Each structure stands twice: as C-alpha cells, then as structure tokens.
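Encoded as structure tokens, the structure appears first; notes follow it.
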Amino acid sequence: MEAVAVIVVIVVIFAVLVALAVIATVRTVRAVKRGVDRTVHQARRTVEDTRLKARQFAQPGAAGEVAQLRLSLRTSMRATQDALQSAAPDDPSLSEALALFQRLSAHGHELDDELKRLETEPDKARIAARLPELRERTARVKDSADSLRFAAQDRARRFAEDDLETLSGQIRMEAGALRHWSDEGMGEAAGMSGAAGMGGASGAGAGGTAGAAGATGSAGAAGAPGAGAPAGEQPEPRAITGRDKDRDAWRSPGYSWQKAGRQEQESTG
C-alpha cells in the first residue's frame with residue numbers, strides 16, 4: 001500500500017510539472033505572438049505613412065488632398081492615443097477620456113476607410129464632390145482628438161508643477177531646520193563677548209584700586225603687570241610657557257558650528 005501511495009504521489013507531481021510547463025509554454029508563445037503582431041503593425045503603419053507622404057507631393061489636386069487628409073487624421077489620432085495611454089496608469093481620472101477616445105476612434109477608422117476608398121476612385125469629379133464633406137469631418141475628428149491630447153498634457157504638466165512647488169517648500173523648511181545652529185551660535189557669541197567685556201572692565205577697576213593703596217602696592221605690582229610702571233611706558237609682555245601653549249591649543253576654535261568654551265578670566269591679584 002505504501003508503494004502504491006508513493007507511486008500515486010510521484011504521478012501527481014509529474015502531472016503538475018507537465019501542466020506548469022504547458023502553461024508557461026503557452027504564455028511564452030502568446031507573448032512572442034503579441035510582440036510579432038505589434039512589430040508587423042508598426043511596420044505596416046510606417047509603410048502606409050511613407051506612402052501617403054509620397055502621394056501627397058507626387059499627385060497634386062484631389063488625390064493629393066485625400067492623401068493629406070488621411071495623413072493628418074492618422075497622425076493626430078496616433079499622438080492622442082499614445083498620450084492618453086502613457087498618462088492613464090499614473091492618473092486614473094483619465095479613464096473617462098480614454099473611453100471617449102475609443103468612441104472617437106470608431107469614427108476615425110470609418111473616416112479613414114472612406115478616404116482610402118477614394119484613393120482608388122477613378123472618377124476625379126466624384127472625388128472633388130466628396131472632398132468638402134470629408135474635409136469637414138476630418139477637421140472635426142482631428143480637433144476632438146487634439147483637444148483630448150492637449151488637456152491630458154496640460155493636466156500632466158500642472159501636476160508636475162504642483163509637485164515641484166510642494167517639494168521646493170519642503171526643502172526650504174528642511175534647510176531652515178538644518179541651519180537653526182546659525183542663529184543660536186550668533187546669540188551665544190554675542191553673550192560671551194558681552195560677558196568678557198564686563199569681566200575685563202571689573203578687572204581693570206580692581207587693578208586701579210590695588211595700585212592706589214600703599215599697603216598693597218607691591219602685591220599689585222606683582223599680580224597685575226604694569227600696575228606700578230611709570231606713565232607712558234608699556235609693560236613688558238609676559239613670556240608664554242609650555243603650560244600656556246597647551247592651554248592656548250586647547251582653546252583653539254574648531255568648526256564654526258561647535259560651541260566654544262567660555263574663556264577663563266585671569267585673576268589680577
């Protein structure tokens with residue numbers, strides 16, 4: 001019984017694999033057929049357009065005008081179809097426009113067939129009699145197709161402009177948020193400059209008081225350079241020791257957006 005069950009499972013798996021292979025083969029054949037049909041259709045369309053252009057210039061008069069009407073009709077309908085089909089996946093609201101274009105295409109194919117039959121009409125007078133009516137119908141179909149195409153193009157361009165405007169606003173907001181350190185850094189630098197100025201003024205006042213007092217004259221001269229120097233003479237600059245160099249290197253500013261440490265105030269006594 002177990003052997004029979006194993007055989008049945010193997011047969012089922014084999015059948016499933018065969019079915020999947022057949023389905024894949026059929027789909028591949030259909031895809032290739034659609035590609036070939038599309039290529040053949042495009043080749044025929046190119047040949048037909050080339051023939052109409054040559055006929056338009058080679059045969060003046062009614063026959064040449066018929067070829068011109070066919071060429072303008074086919075060019076307008078093809079351009080509108082391409083514009084709507086390319087924009088429809090990104091804009092579902094164009095589904096109604098596509099439905100209207102399908103109805104318009106029926107009239108366009110009918111008109112193109114009539115114009116094509118006139119190309120082989122031997123009676124030139126009949127062709128000349130039909131031309132005014134066919135010219136009017138061609139203009140109506142062509143204007144309708146152009147209207148749909150222009151509306152779809154304007155809609156896509158408007159959406160692109162709105163999206164760009166929204167994106168630009170978001171970028172400006174993000175750029176402002178990234179530059180918040182600039183205003184804060186300027187405020188902190190102004191505060192530190194004011195504090196340093198007040199500290200220097202208070203130190204200078206303390207030095208003057210110490211120099212005026214006779215009991216502490218020697219201490220003021222040792223603690224504050226130049227306190228006991230005669231008027232008009234500049235005090236000798238103090239030599240920078242290795243310890244001062246290390247401290248100055250530690251105080252060296254980094255990037256402009258880093259917060260600088262508050263400088264130490266030198267004591268004057």
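The values are calculated or read from the model by the stated rules, or taken from the named source; none is laboratory data. No experiment lies behind these values; they were computed from the predicted model shown. Reconstructed Cβ throughout: ideal geometry from the backbone, glycine too, with neighbour counts over all protein chains shown. Just so you know, the surface numbers come from the protein's heavy atoms only, side chains and all, with ligands and any DNA or RNA stripped out. Shrake-Rupley method; radii C 1.70, N 1.55, O 1.52, S 1.80 Å.
Every residue, every condition in (1) modelled with pLDDT under 90; (2) under 18 Å from Glu114 (Cβ atoms), yes or no:
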| position | (1), (2) |
| --- | --- |
| Leu20 | yes, no |
| Val29 | yes, no |
| Val40 | yes, no |
| Glu65 | yes, yes |
| Ala79 | no, no |
**Study point:** Residue within segment 71-85 that is in a helix (DSSP H, G or I) and loosely packed, with under 12 Cβ neighbours inside 10 Å present
**Key:** yes
**Study point:** Failed criterion for Ser86 (all others in (1) within 24 Å of Arg44 (Cα to Cα); (2) at pLDDT 90 or above hold)
**Key:** (2)
Exercise for review: Please name all residue pairs, on different chains or six or more residues apart, with Cβ atoms under 8 Å, provided the first residue is in segment 103-130 and is farther than 20 Å from Thr75 by Cβ and the second residue is at pLDDT below 90 and not in a helix (DSSP H, G or I).
Suggested key: Lys124/Gly61; Ile127/Glu121
Check your understanding: Do the conditions hold for Phe14, that is, is it touching a Gly at 6+ places or on another chain (Cβ under 8 Å) and open to solvent by 50 Å² or more (accessible area, probe 1.4 Å)?
Key -> no
Study note, to complete from the structure: Within segment 35-70, of all residues that are part of a helix (DSSP H, G or I) and of a type in the set (Gly, Ala, Ser), the one most open to solvent (accessible area, probe 1.4 Å) is Ala58
Point to revise | Filter result for Leu134 (more than 32 Å from the chain's Cα centre (by Cα) and surrounded by 14 or more Cβ atoms within 10 Å (Cβ to Cβ)) | key: yes
